[in-house]
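Written below as C-alpha cells is the structure these notes are about.
A short reminder: the numbers here are calculations on the coordinates, not readings from a lab. Just so it is clear, the structure is predicted and the values come from calculations on it, not from any experiment. Glycine also receives a Cβ, built like all others from the backbone with ideal geometry; neighbour counts cover every protein chain displayed.
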Amino acid sequence: MDTTTARQRMELLYDEIAAHDRAYYELDAPMIADADYDALFRELQALEAAYPESRAADSPTRRVGGRVLEAFAQVVHSVPMLSIQTQTDAGASGAASFDARVRKELEFAGDAPAMEYVAELKFDGLAVSLRYEEGVLAQGATRGDGAIGEDVTQNLKTVRDIPLCLSGKSGKIPPLLEVRGEVYMRRDDLARYNEEARARGEKPLVNPRNGAAGSIRQLDPRIAGRRPLRFFAYGIGAAAGWDLPSTHAGLLAALADFGFPVCEHRAVVQGAQALAEFHERMGNLRSQLPFDIDGVVYKVNSLEYQRRLGFRTREPRWAVAHKYPPEEARTKVEAIDAQVGRTGAITPVARLTPVFVGGVTVTNATLHNEDEARRKDVRVGDTVIVRRAGDVIPEIARVFLEAENAPRNLPFELPRTCPECGSRVVREEGGAIVRCSGGLVCPAQVKGSLLHFAGRRAMDIEGLGDKLVEQLVDAGMVKTPADLYALTLPQLAALERMGEKSAENLLAAIEKSKASSLARFIFALGLRNVGESTARDLARHFGKLDALKAANMATLMQAPDVGPVIAESILDFFAEAHNREVIDRLVAAGVHWQESAGRMADASQNPPGVFSGKTFVITGTLPSLKRDEAKALIEAADGKVSGSVSKRTDYVLAGGEAGSKLAKALELGITVLDEAALNAMLEQQGDA
C-alpha cells in the first residue's frame with residue numbers, strides 16, 4: 001500500500017470510528033459488535049504505525065472515545081481518565097509481551113526478580129469518577145473524552161453500592177479523594193428489569209453495558225433510581241491529605257475499608273506465567289459470573305513503578321487489558337427453523353452464516369419462543385448481532401436494518417403442526433411456550449417420554465435408565481412406550497454392554513410393570529400439567545380410563561384441583577389419534593389396572609375411603625411394602641401422607657429402624673400402626 005492509499009484508508013477509518021464512538025458513547029446505541037469495532041481500531045493503529053507522517057492530530061488513537069453531551073454540565077478531570085491498551089494475543093503470549101515491555105522500560109536485567117502485578121477483571125459497564133470532599137460525595141462524573149466528563153452526580157447517588165459518605169475503617173478520611181470505578185448491571189437484574197418493563201409496555205434495555213451507560217446518562221435521576229445499577233471501585237484519581245499505600249493491591253484494600261465494593265476476583269501474582277494462568281482461570285469462570293466481562297486487566301502492583309512507567313498518549317504504560325474472544329459478532333440469518341425439544345416445547349432457531357464468537361464457530365442461535373422472535377423482529381435475510389457468553393446457548397441480541405425502508409422477508413411464524421410428528425401444536429394458556437401435543441409418538445420427545453414412563457413413580461420399570469433408552473431409541477427398537485412390551489431377549493442381549501442376564505432382568509421388570517394402577521398409568525402418560533397428585537385425583541374421580549378419555553371441559557373441571565389449564569392439556573392429549581393408538585397398544589400388550597365407578601358417579605355408590613380426612617406419616621422399613629406403595633394404598637383410601645409428625649397427624653405407620661418420627665409420635669400420643677394393622681383397616685374398606 002502506498003502513502004496516498006494508506007492516507008485515504010485512514011481518513012475513512014477516522015470517519016467510521018468517529019461515527020461508532022458517537023453511537024456507543026453518546027447515544028448508547030452501538031451499530032456494530034465490539035469485535036468489529038476492535039478490528040477497525042487495530043487496522044487504524046497498524047496503518048498509523050506504518051505511516052506515522054499521515055497520522056491526524058485528532059486521530060481516535062490519541063484520545064478516549066466518549067464526547068461530553070451538551071445536556072450535562074462539564075467536569076474537568078484533575079487527573080485524566082485514560083483508557084487501557086487492549087491486547088488480543090492468544091494464550092500466554094499476551095501476558096509475556098506485556099511483562100517483557102514493562103521490564104524493558106524499567107531497565108530490569110534478565111536475572112532480576114519476577115515483576116509483581118495485580119490481575120483484575122475488565123468490567124463491561126460505564127467508567128465513572130467519584131469526588132469526595134471531607135468524606136462526602138461531592139461530585140460524580142463520566143469519563144467523557146478522558147479530559148472532560150459529564151456531571152451525573154444526582155444519577156450516581158441513586159446507585160446503592162456507591163457510598164454517600166466514606167467509612168473511617170482505614171483510618172483518617174482524606175479531605176480530597178477521587179475514586180474511579182465501573183457502574184454495571186448484573187445479568188439477572190437486567191432480565192428482571194426487562195420483564196417488568198415489557199409488562200409496563202416499555203422498551204427493554206439492550207444489554208447490561210448499554211443499560212448501565214444509558215441509566216447514568218439520563219437527565220431524570222428518577223429513571224436511574226428505578227434501574228438495578230451496581231458499582232465496583234478499581235482505582236483513584238486525585239487525592240490530598242492521604243498517605244497512599246505503596247501498592248495497587250493496598251490501594252484496593254483501602255478503598256474497601258472506605259466502604260467501596262471491590263471485586264473479589266483479583267489476585268497479586270508474580271511474572272507473566274501467573275498472569276496467563278489468571279486469564280485462563282477467569283475465562284473458565286466467565287460464564288458463571290453474574291455480570292459481563294470482556295477480559296482481564298494486568299497492572300503493575302508497585303505505585304512507584306507505575307509513576308516511573310508513566311503514560312503514552314491515551315494509555316498508562318503500566319497496565320494492559322487482555323481480552324477474551326469476542327462474545328458478540330455480526331452475521332446473517334440464513335433460515336429460521338422450528339426445533340422440538342425433549343419436553344415438546346417448540347423453539348424457533350435461527351440458522352446463521354458461520355461466525356466466530358465466544359471462542360467457537362456459531363451456526364445457530366435460539367430465538368427462545370415465538371413472542372421473542374416477534375419482539376426482536378428477526379427475519380430470514382437480516383443482518384444481526386449474535387451473542388454468546390461462556391457455554392450459554394448463542395442468542396440474537398439485535399437486528400441491524402441496512403436502510404429504514406429496505407425490503408425484508410415476512411415475519412417468522414411457528415408451524416401449526418409439529419415438524420417432527422405432525423401432531424397439533426398448542427400454546428400454553430397465558431404463556432409464551434408452544435408445545436407439540438403428540439407426547440407419546442413425537443420422535444423429538446421419545447427419549448424423555450420413555451424415561452418418564454419408566455420412572456419409579458410411574459410404571460416403575462427398574463433398569464430402564466438414560467443410557468439404555470438412548471441405545472433403544474438410536475437403534476430404532478423403541479419409538480413409543482408401547483414398543484417396550486414387544487422387546488425380545490435376543491434384541492436386548494445384542495445391545496452393547498447389556499448381556500443376557502441384564503436383558504432377562506429388564507424383561508422381567510417390564511413384565512412386572514404391566515400390573516399397575518390407573519393413577520400410575522395416567523401419570524406415566526406424561527400429560528402436560530398433570531403431575532402425580534393430579535393423576536391420582538383423576539383416577540379417583542373418573543375410575544376408568546375410558547371415562548377420562550371421553551370427558552369434556554365441563555366434566556374434567558368437576559375433578560378435584562382441575563382448572564381450565566389442566567383440562568385443556570388433557571383434551572389436547574386425547575384429541576391426538578397418535579396418543580390414543582399408543583394407549584390401545586399398551587392395553588393390548590397386557591398393561592392393566594383395577595377400575596371402579598369413580599367419584600363422578602352417585603356419592604351413595606362411592607362412599608368416602610376409610611382414611612378420608614386422616615393424615616399419615618410413614619417411617620422406618622416396612623416388611624413387604626415399599627414406602628411409595630404404602631403411600632399409594634393410603635391415598636387410594638382417601639388419606640393424606642405427610643413428611644413430618646405434628647399434632648395434626650392421625651396415624652404413624654412405622655416399620656423397622658423407625659427413628660425420631662416414631663419417638664415424636666409416642667410423645668404426642670399419636671396412634672402408631674404397623675403394616676398388618678394398615679392392611680386390616682384397608683380390608684374394612686373392601687368389606688364396606
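Here is how the numbers come out for the structure above:
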quantity	calculated
Of 104/172; 157/376; 447/626; 467/512, those spanning more than 30 Å from alpha-carbon to alpha-carbon	104/172; 157/376
Label-point separation in nm, residue 56 to residue 334, each point 7 Å along Cα→Cβ	3.8 nm
Normalised contact order of the chain, rounded percent, pairs of Cα under 8 Å and 6 or more residues apart	9 percent
Computed lengthening from residue 74 to residue 280, 0.36 nm per intervening residue step minus Cα-Cα distance	70.1 nm
With Cα atoms, 0 to 90° folded angle of helix 187-199 axis to the chain main axis	70 degrees
Efficiency of FRET from Cβ geometry, residue 512 and residue 409, R₀ 45 Å, rounded to 0.05	0.20
About the Cα centre, charge dipole magnitude for the chain (Lys/Arg +1, Asp/Glu -1 at Cβ), debye	720 debye
Cβ charges +1 (Lys, Arg) and -1 (Asp, Glu), total dipole of segment 445-513, debye	180 debye
Helical contribution to [θ] at 222 nm, DSSP H n ≥ 4, -39,500 (n - 2.57), averaged over the chain, rounded to 500	-10000 deg cm²/dmol
Dipole-positive endmost among 476, 450, 213 within the chain (Cβ charges, Cα centre)	213
Segments 477-485, 6-14, 550-558, 435-443 sorted - mean Cβ within 10 Å per residue, highest first	435-443, 477-485, 6-14, 550-558
Kirkwood-type radius of the chain, with distances r between different C-alpha atoms, in Å	30.9 Å
Residue 668 versus residue 19: modelled label distance in nm, points set 7 Å from Cα along the beta carbon direction	7.4 nm
Crossing angle, helix 34-50 versus the chain [Cα axis fit, 0-90 degrees, rounded to tens]	30 degrees
Nearest-ten-degree value, helix 627-636 long axis tilted from longest Cα axis of the chain	60 degrees
Where no second cysteine Cβ lies under 4.7 Å, the cysteines concerned in the chain	165, 263
Projected area, mean over directions - segment 412-527, Cα convex hull, nm²	8.4 nm²
Pairwise FRET efficiency - residue 561 versus residue 675, Cβ, R0 = 22 Å, nearest 0.05	0.15
Stretch gain in nm, segment residue 114-residue 552, where the contour uses 0.36 nm per residue and the Cα spacing is subtracted	149.8 nm
Virtual spin-label span in nm between residue 253 and residue 571, 7 Å along Cα→Cβ	6.9 nm
Ordering of 563-576, 95-108 by packing [mean C-beta count within 10 Å, highest first]	563-576, 95-108
Extension gain from residue 400 to residue 197, taking 0.36 nm per residue of separation minus the Cα-Cα distance	70.8 nm
Those lysines that a straight Cα-Cα span of less than 22 Å connects to residue 549, excepting residues fewer than 8 apart in one chain	514
Cut-off 14 Å between beta-carbons: net charge of the residues surrounding residue 508, Lys and Arg +1, Asp and Glu -1	-2
Largest-first ellipsoid semi-axes for segment 615-687, taking √(5λ) over the Cα gyration tensor eigenvalues, angstrom	19, 14, 11
